[in-house]
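What follows is one structure encoded as structure tokens, with my remarks underneath.
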Amino acid sequence: MDVDAAKPGASVRTVTGNRSAWHGSGTVDRMLTALHTAAVTGRPPEAGPADALAALRVTDAAARSLGTPIPIDSPEV
């Protein structure tokens with residue numbers, strides 16, 4: 001699954017500064033569509049529970065690292 005949280009978006013430049021503007025379906029819409037397609041067709045989803053667990057572990061390690069700037073070994077992540 002190729003999902004970019006910044007897409008579909010556009011950079012808007014004005015005299016007051018730059019900002020991102022969203023257009024069209026977003027990341028959540030794409031993920032739900034992929035999950036629905038997997039459920040309807042009976043094939044496994046592209047992003048499953050193991051991917052969610054891995055993301056949670058990385059996020060947790062990053063949060064702990066912010067509190068105490070000590071390197072965390074890969075087996076912990």
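The values are calculated or read from the model by the stated rules, or taken from the named source; none is laboratory data. Quantities reported herein were computed from a predicted structural model and do not represent experimental measurements. The accessibility values were calculated without ligands, DNA or RNA, using every heavy atom of the protein model including side chains. Shrake-Rupley method; radii C 1.70, N 1.55, O 1.52, S 1.80 Å.
What about Ala47, is it open to solvent by less than 100 Å² (accessible area, probe 1.4 Å) and modelled with pLDDT of 80 or more? Answer is no for this residue.
Selection of the range 16-29 for residues being open to solvent by 90 Å² or more (accessible area, probe 1.4 Å) and modelled with pLDDT under 80 yields Arg19, Trp22, His23, Val28.
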